[in-house]
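Step one of this worksheet: look at the structure below.
The values are calculated or read from the model by the stated rules, or taken from the named source; none is laboratory data. Predicted, not measured: the structure shown is a model, and the values here were computed from it. Cβ atoms come from the backbone with ideal geometry, glycine included; neighbour counts cover every protein chain shown.
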Amino acid sequence: MATYALELLGDRPDLDVLYVPVGQGSGVCGCIAARDALGLRTEIVAVQSAEAPAYALSIAAGHVVRTDSADTLADGMATRVPDEDALAVIRRGVARFVLVSDAEIADAMRAYWTDTHNLTEGAGAAALAAAVQEKQQLAGKKVGLVLSGGNIDFDLFQELGRRARRGPTMNYVDRDLRMLPMSKTAPRLSALALFLAAGQGESREPYALGAGRQRAGRARARGRLFSARSFNIESLTVAEVAHETHQSRITIVTSGTPEVIEQVRHQLERLVPVHSVTDLTLSVRAVERELAMVKVRGRGDSRVEALQLAEAFRAKVIDATTESFIFEITGAPRKIDDFVDLMRPIGLVEVSRTGIAAISRGPEPI
């Protein structure tokens, strides 16, 4: 993260102020390191969302402060638990924190697009929002802004474009901008199990996440996270596991390099009020299972062969006609893959799979 700061400050050592968005803290720490290495006097201002002020609160308190939620338009800054090492660097090297609202962030996103033709995500526009907020005290100064990324969901971008300015106070943006339905009667997420798989040739890495209650509609926000950052969802399962407390459990399977997997984990930590993350491959092996219904068409010898294979795989017949079977099979994903492949030449019609559910071995919960 320090390389872009070295390039920026090396090219413009005369900057008086540099505004930097803060997510988990690596970017602002890189800027501090670059400034100090170059021996500059540039004032570095940290920017956080007013809806996710964990770092700002921690600096004010003198110790790590966890927040119960980080519900912000700028998911790149949606941090609930500051990193202690980053916090120590920030405490020494940042002049102050500026908190910006979602309305200010949205206005800055629109300004970047209409005035400079730069597409930016919420976190990327936060620095501009902070500079606009402090414009009176910046008169006569040379100011730098870190535009940290352009991973914006297309639907959100369209919505921003449709909404015209309603006045200089930027009160035209409301919670509906994020298009998250806020039904009071819908189930609330309370426990999340995340199963992550690395790419081909790499080990699978299951993670277990414990999450607190949240508003309904987070599934759409999770989908935006994966689509905006080009993460691939290979499997996603969700079901309520505690009716009294409206607790649900989610299992997600994605793929990528270890670095991508770690990034997915960090992004999901920011997106929902997660209390803990457990790597099941490090603590104890996980049990994973999947259920599938497989429809096969066949007569005569093909019909007999299908039944024999089903018996070998311990698949149950749950529906039968004179021309077809529907088998129910449960097991590890590889077992289901093998069963489906063997049914193809016999007369495979269609397959419906639930996706992977995973749980840790042993008596302790995740």
Flag for residue 34 being over 22 Å from residue 151 (Cβ atoms), crowded, with 18+ Cβ neighbours inside 10 Å, not assigned by TED's automatic domain parsing to the domain that holds residue 265 and not charged (D, E, K, R): yes
Residue set 46, 127, 111; condition surrounded by fewer than 24 Cβ atoms within 10 Å (Cβ to Cβ), assigned by TED's automatic domain parsing to the domain that holds residue 29 and either small (Gly, Ala, Ser) or on the phi > 0 side of the Ramachandran plot (or both); output residue 111
Quick one: residue 140 ticks every box in (1) closer than 19 Å to residue 20 by Cα; (2) without any contact (Cβ under 8 Å) to a residue 24 or more places away in the chain bar one, so which box is it? (1)
One residue is enough: does region 15-23 have a residue meeting the conditions over 18 Å from residue 133 (Cβ atoms), of a type in the set (Gly, Ala, Ser) and surrounded by fewer than 24 Cβ atoms within 10 Å (Cβ to Cβ)? no
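Residues are listed down the side, and each one gets a yes or a no for (1) at pLDDT below 75; (2) over 20 Å from residue 234 (Cβ atoms); (3) of a type outside the set (A, V, I, L, M); (4) not in a strand (DSSP E or B):
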{"position": "260", "(1), (2), (3), (4)": "yes, no, no, yes"}
{"position": "289", "(1), (2), (3), (4)": "no, no, yes, no"}
{"position": "294", "(1), (2), (3), (4)": "no, no, no, no"}
{"position": "308", "(1), (2), (3), (4)": "no, yes, yes, yes"}
{"position": "338", "(1), (2), (3), (4)": "no, no, yes, yes"}
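If you check residue 352 against the conditions, is it closer than 18 Å to residue 236 by Cα and exposed (fewer than 14 other Cβ atoms within 10 Å of the Cβ)? Steps first, answer last, please.
On the way: closer than 18 Å to residue 236 by Cα: yes; exposed (fewer than 14 other Cβ atoms within 10 Å of the Cβ): yes.
Answer is yes for this residue.
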What number of residues within region 72-97 are over 22 Å from the mean Cα position of the chain (by Cα), charged (D, E, K, R) and either over 23 Å from residue 133 (Cβ atoms) or surrounded by 19 or more Cβ atoms within 10 Å (Cβ to Cβ) (or both)? 2
Can you name every residue in region 114-124 that is surrounded by 19 or more Cβ atoms within 10 Å (Cβ to Cβ) and either more than 24 Å from the chain's Cα centre (by Cα) or of a type outside the set (Gly, Ala, Ser) (or both)? 120, 121
